[in-house]
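All remarks here apply to the structure that follows.
The values are calculated or read from the model by the stated rules, or taken from the named source; none is laboratory data. Predicted, not measured: the structure shown is a model, and the values here were computed from it. Note: ideal-geometry Cβ built from the backbone for every residue, glycine included; neighbour counts use all protein chains shown.
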There are 2 protein chains.
Amino acid sequence: MISKYKTVADSIENDIQSGVYNDVDKLPTEDDLISTFQVSRNTIRKAIEILVKKGLVFSIQGSGLFVRRSSCEGCVNLENFHGLTAIFKDNVSSKVIDFQQIPANEWVASKLNCSVGTPIYYIERVRYLNKKPYVYEYSYYNKEIIPYLSKELIAGSIYHYIQEDLRLQIGYVDRIIFADKLTSKQAIALDLNEGDPALVTHNLAMLKSGVVFDYSIDIHHYKETKFLKLANFF
Amino acid sequence: MISKYKTVADSIENDIQSGVYNDVDKLPTEDDLISTFQVSRNTIRKAIEILVKKGLVFSIQGSGLFVRRSSCEGCVNLENFHGLTAIFKDNVSSKVIDFQQIPANEWVASKLNCSVGTPIYYIERVRYLNKKPYVYEYSYYNKEIIPYLSKELIAGSIYHYIQEDLRLQIGYVDRIIFADKLTSKQAIALDLNEGDPALVTHNLAMLKSGVVFDYSIDIHHYKETKFLKLANFF
DNA sequence: TCGCATTTGTACGTATGTATC
DNA sequence: GGATACATACGTACAAATGCG
């Protein structure tokens, strides 16, 4: 089931990315888009809303809809962050440091909102972007939600596997972002020095039903990682 | 001009914050809210949408609307970040390190999207939360947009002044987030050591018309600052 | 300065689809 | 399977901001 407004949003986004509006920065009016796509005004407005949320466009009442140019080279846009491979594709590779099945202890259980003893996949891996170390990652997956993971699967994109193969719908991700010092093990893996800065995120991922399936800690290479957050006031 | 959906959103948010739904976590259905607030379904849905964007609630088709509990103590929610004082109120204080009016050089002009030589307010200040150093801040304001700033004003909340006194509508903020090492001057001001980590943001603030009025660099105390990013997939 | 056309924003109504319970 | 509840999609009318003559 694919909705009209998503189709329209994708189509407009595609036009923006391929440079259709590069000269003018101004998109067609809502009425124009209505006749182009042959849908109602609400549907057009809902599509535009998605693009606004993604930080691709902004609108001015009485004036029009404009391209929002703010991309920062190599930045990760927090608004549509669906995992590393979704953005960087084939440039991402991974090295698995540790992979085992463990029972949830108190701490993991509190994070994953499950009972102590629940079977958990624990994964520790280093991920590379263009062969350069990018992030050191510790993940805990609830096996009751994600019943099977293998060393081959986790060498690639776990999120892709969850969405495309398991057909589960990811709904929400809570992400806490801060800076910290690298431990010696992390420093070696990232080709930095112990005590150097790290951009750290703690991530809690939920399905659309609100069920928590993943808790992970990402230790980012501070020279390689920049996040982009495009905020709209209202 | 205050819209109905914002009024409804504020009212529901208020109820959530004051713990009305603490027992159940489940909010009234759309139909209930329609009869409570005596507005149309679209208006209710638009209000809910705001709360979803703020990360306060999430909805499950066929089931209902639920409170999203994910607040992290002392975290700054990137979704509704309108400046430090807006969140922490009277617990914020500032020390002005430098304040002067300068003509824009090439670099500033490129950031503020103005011509070289445009009068600029340059401000350097340390901001404290509960008397503890929180962030070292460098700001550049376009004087053509913000015509007057004084040492007294910048000791408080500049954003509050812009919105309440100048009656300008802030529209968008682009924020680049990364980690870096502290310089010795920053370290002294933040009561840390040179080379310690810092959570850094580069911020570009625009009015609703898209006009850039502020570029600032925030060097956050890495032990005190945590950002919270609540993402919704769609 | 004023007025009008254009364009987006708000608000209402209705019908139908789809997921949950 | 039926009732409930949210999601999508169509329509209309008027308000508010912008831009041009």
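Return the residues of region B:37-81 that are more than 15 Å from DNA strand D (Cβ to nearest atom) and of a type in the set (Lys, Arg); say none if nothing qualifies.
Result: B:Lys54, B:Arg69.
Select from region A:199-230 the residues that are at the interface with chain B (Cβ under 9 Å from one of its Cβ atoms), of a type outside the set (Ser, Thr, Tyr) and either touching a His at 6+ places or on another chain (Cβ under 6 Å) or under 15 Å from B:Phe233 (Cα atoms) (or both) and list them in ascending order.
Those that are at the interface with chain B (Cβ under 9 Å from one of its Cβ atoms), of a type outside the set (Ser, Thr, Tyr) and either touching a His at 6+ places or on another chain (Cβ under 6 Å) or under 15 Å from B:Phe233 (Cα atoms) (or both): A:Leu199, A:Leu204, A:Met206, A:Lys208, A:Gly210.
Which of the residues belonging to region B:157-212 are under 23 Å from B:Ile97 (Cβ atoms), outside any strand (DSSP E or B) and under 22 Å from the mean Cα position of the chain (by Cα)?
Answer for region B:157-212, where residues must be under 23 Å from B:Ile97 (Cβ atoms), outside any strand (DSSP E or B) and under 22 Å from the mean Cα position of the chain (by Cα): B:Ser157, B:Ile158, B:Tyr159, B:His160, B:Tyr161, B:Ile162, B:Leu190.
So how many residues does region B:1-21 have that are outside any helix (DSSP H, G or I) and either in contact (Cβ under 8 Å) with a residue 24 or more places away in the chain or within 12 Å of DNA strand D (Cβ to nearest atom) (or both)?
So the first thing to find is which residues in region B:1-21 are outside any helix (DSSP H, G or I), and the list is B:1-3, B:18-21.
Still in the list and also either in contact (Cβ under 8 Å) with a residue 24 or more places away in the chain or within 12 Å of DNA strand D (Cβ to nearest atom) (or both): B:1-3, B:21.
Total satisfying the criteria: 4.
Each row is one residue, and each column tells you yes or no for (1) loosely packed, with under 13 Cβ neighbours inside 10 Å; (2) of a type in the set (D, E, K, R); (3) modelled with pLDDT under 90.
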{"position": "A:Glu73", "(1), (2), (3)": "yes, yes, yes"}
{"position": "A:Phe81", "(1), (2), (3)": "no, no, yes"}
{"position": "A:Phe88", "(1), (2), (3)": "no, no, yes"}
{"position": "A:Ile97", "(1), (2), (3)": "no, no, no"}
{"position": "A:Gln101", "(1), (2), (3)": "yes, no, no"}
{"position": "A:Ala104", "(1), (2), (3)": "no, no, no"}
{"position": "A:Val108", "(1), (2), (3)": "no, no, no"}
{"position": "A:Thr118", "(1), (2), (3)": "no, no, no"}
{"position": "A:Tyr122", "(1), (2), (3)": "no, no, no"}
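Looking at region B:134-143, is at least one residue under 25 Å from A:Phe58 (Cβ atoms) and outside any strand (DSSP E or B)? Break it down into steps so the answer makes sense when it comes.
Going through region B:134-143, the residues under 25 Å from A:Phe58 (Cβ atoms) turn out to be B:139-143.
If we keep only those that are outside any strand (DSSP E or B) too, we end up with B:143.
Yes; the residues of region B:134-143 include at least one that is under 25 Å from A:Phe58 (Cβ atoms) and outside any strand (DSSP E or B).
Considering every residue within region A:38-50, establish whether at least one is within 13 Å of DNA strand C (Cβ to nearest atom), of a type outside the set (Val, Ile, Thr), away from chain B (no Cβ under 11 Å) and in a loop (DSSP other than H, G, I, E, B).
Scanning region A:38-50, I find at least one residue that is within 13 Å of DNA strand C (Cβ to nearest atom), of a type outside the set (Val, Ile, Thr), away from chain B (no Cβ under 11 Å) and in a loop (DSSP other than H, G, I, E, B), so the answer is yes.
Could you list, in sequence order, the residues of region A:22-68 that are surrounded by 13 or more Cβ atoms within 10 Å (Cβ to Cβ), under 13 Å from A:Tyr5 (Cβ atoms) and either touching a Ser or Thr at 6+ places or on another chain (Cβ under 6 Å) or small (Gly, Ala, Ser) (or both)?
The one that is surrounded by 13 or more Cβ atoms within 10 Å (Cβ to Cβ), under 13 Å from A:Tyr5 (Cβ atoms) and either touching a Ser or Thr at 6+ places or on another chain (Cβ under 6 Å) or small (Gly, Ala, Ser) (or both): A:Ala47.
In this structure, is B:Ser216 within 16 Å of DNA strand D (Cβ to nearest atom), under 18 Å from A:Leu230 (Cβ atoms) and of a type in the set (Gly, Ala, Ser)? Full working, then the answer.
Values: within 16 Å of DNA strand D (Cβ to nearest atom): no; under 18 Å from A:Leu230 (Cβ atoms): yes; of a type in the set (Gly, Ala, Ser): yes.
The answer is no for B:Ser216.
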